[in-house]
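Any read-out appearing in this document is the output of simple, stated calculations on the displayed coordinates, not a laboratory observation. This one's a predicted model, so the numbers in the text were calculated from it and none came from an experiment. Neighbour counts run over all protein chains shown; Cβ positions are idealised from the backbone, glycine included.
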Amino acid sequence: MSPTRTPDVLVVGGGIIGLVTAWRAAQRGLATALVDPEPGGGAAQVAAGMLAAVTELHYGEQTLLGLNLASARRYPDFAAELTELTGHDLGYRRCGTLAVALDADDRAHLRELHALQQRSGLDSQWLSGRECRRLEPMLAPGVRGGLRVDGDHQIDPRRLAAALVTACERTGVVVHRAWAERLTVVRDRATGVVTADGTELGAGQVVLAAGSLSGRLAGIPEDVLPPVRPVKGQVVRLTMPGHTAHTARSTPFLSRTVRAVVRGSHVYLVPRESGELVVGATSEEMGWDTTVTAGGVYELLRDAHELVPGITELPFTEIRAGLRPGSPDNAPLLGPTALEGLVLATGHYRNGVLLTPVTGDALAHVLATGELPEEARPFTPRRFTAAALTEQPA
Ligand code: GLY
């Protein structure tokens, strides 16, 4: 697209959701631009990248499960297409996940989750503690049982973000490295944004895909302001043996993602082929705070150590905090709003990496045709309008 032409679509936000939307829209032949001071940044720089439709199933989220599964099914082709276009290896691993229980209460909870998974037609297998340790010998001897889910995979979100930046470049998306400060609205229609340096960027349609910051763009009328809030997650990165210059090991430290709920908090260990071991994540309602705290690191390592005691030997690489875009029902907001020209792709909360393929497809479809595809319809932002919220079931 010529940088001077008014684009059909302007995407506000260059995290993985904004990037995939811009890439897919440009592929549909729409002249597309994107505005972000640092495309490829955002929560993906911190996320572990679990593609965990089954092990992240929560009670009351069966509608979201449908979208999660639709996206998980698309991942193999999506990853292959992105790699072919960009040459980037995304670190996509189909290694599976093992969710384990450390005590009798955890075991009862995991049994209930297993029953819910089975009722939902999902593939998961109950294992005894001994069977879990046979699969993953580094697990603590006290593990009481677990769920083996071979269909819950992983990807490296940093690689995914970098590949999507390249994909946007290769498909002619015009990238404005600037901070979008205000939405412009003319005669009840969104017409673009004004950036922090006062530049006006016009567009036929504006997609707000600014993650946890989506509710902060000035100029959005109150009744269409997305109800998105930041939910802080601190994540530690370690290095597994066999991947440093001085060590060699024939069996992997962990060969699949291992996770549990310890004292009510989720903890997961995601082993990458590169040797990185991602340990996450806290879940904190702390507003815009992204401070890494001693308490956060302590809790993560304490809980991870209960699962896999050998982690204390591993080199410590990094600790960072990111902000999940939380929504009132933990599901994303996808599609047109009551303000003509303003479309949302935000609120992906714990599932942004998993939902990247289906979000790109759904947004490109709605931008090109005006219609949300079937699987995305339950996630219309209109479900949060005052009228929808006060509607009584018949
Ligand atoms: N999906 C994992 C997390 O949000 O921590």
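Over all directions, the projected convex hull of the C-alpha atoms in the stretch 146-293 averages 14.2 nm² in area. The calculated FRET efficiency for Arg263 paired with Arg119, based on their beta-carbon distance and R0 = 22 Å, is about 0.25. In the stretch 209-328, a dipole from Cβ-located charges (positive for Lys and Arg, negative for Asp and Glu) runs towards its positive end, and of Ser212, Val262, Thr251 it is Thr251 whose Cα lies farthest in that direction.
In terms of its alpha-carbon gyration tensor, the chain comes out prolate; a/c meets the 1.5 threshold, and the first ratio a/b outweighs b/c. For the stretch 252-303, the normalised intensity computed at q = 0.29 Å⁻¹ comes to -1.15 (log10 of I(q)/I(0), Debye sum over alpha carbons, equal scatterers, no solvent). Just so you know, the Rg over Rh for the stretch 291-373 is 1.19, from Cα atoms, with Rh as the Kirkwood radius. Overall, the stretch 161-289 carries a charge dipole of about 540 debye about its Cα centre when +1 sits on the Cβ of Lys and Arg and -1 on the Cβ of Asp and Glu, all other atoms neutral. The stretch 161-212 and the stretch 139-158 have their alpha-carbon centroids 38 Å apart. Just tell me the longest site-free run in the chain, where the sites are chymotrypsin sites (Phe, Trp or Tyr not before Pro) in a DSSP loop having at most 16 other beta-carbon atoms within 10 Å. Longest gap between qualifying sites, sites excluded: 60-178.
The per residue volume of the convex hull around the alpha-carbon atoms of the stretch 1-61 is 124 Å³.
Once you put a point 7 Å from the Cα of Ala338 and another 7 Å from the Cα of Thr6, both along the Cβ direction, what distance in nm separates them? With each label placed 7 Å out from Cα toward Cβ, I get 2.6 nm.
In the elastic network of the chain, a GNM with C-alpha springs shorter than 10 Å, the most mobile of Ile17, Ile319, Ile155 is Ile319. The P(r) of the stretch 344-394 has a tail past 14 Å containing 59 percent of all C-alpha pairs. Normalised Debye scattering of the stretch 243-388 at q = 0.10, 0.13, 0.18 Å⁻¹ gives log10 I(q)/I(0) of -0.52, -0.76, -1.06, counting only Cα atoms as equal scatterers and leaving out solvent.
Would you mind working out the magnitude of the charge dipole of the chain relative to its Cα centre, with +1 at each Lys and Arg C-beta and -1 at each Asp and Glu C-beta, to the nearest 20 Debye?
Result for the chain is approximately 580 debye, rounded to the nearest 20.
Across the options Pro315, His305, Pro332, the greatest Cα extent toward the positive end of the charge dipole of the stretch 277-338 (unit charges at beta carbon of Lys, Arg, Asp, Glu) belongs to Pro332. Per-residue ellipticity at 222 nm from helix content only, as computed over the chain with -39500 (n - 2.57) for each DSSP H run of at least four residues, stands at -8500 deg cm²/dmol.
In order along the stretch 162-171, the phi-based Karplus estimate (6.51 cos²θ - 1.76 cosθ + 1.60, θ = phi - 60°) of 3J(HN,Hα) comes to 5, 5, 5, 4, 5, 4, 5, 4, 5, 9 Hz; Gly and Pro are listed as x.
Hey, if you put +1 on the Cβ of every Lys and Arg and -1 on every Asp and Glu Cβ in the stretch 255-394, which of Phe379, Gly296, Ala368 ends up farthest toward the positive end of that dipole? Comparing the listed Cα positions along the dipole, Gly296 ranks first.
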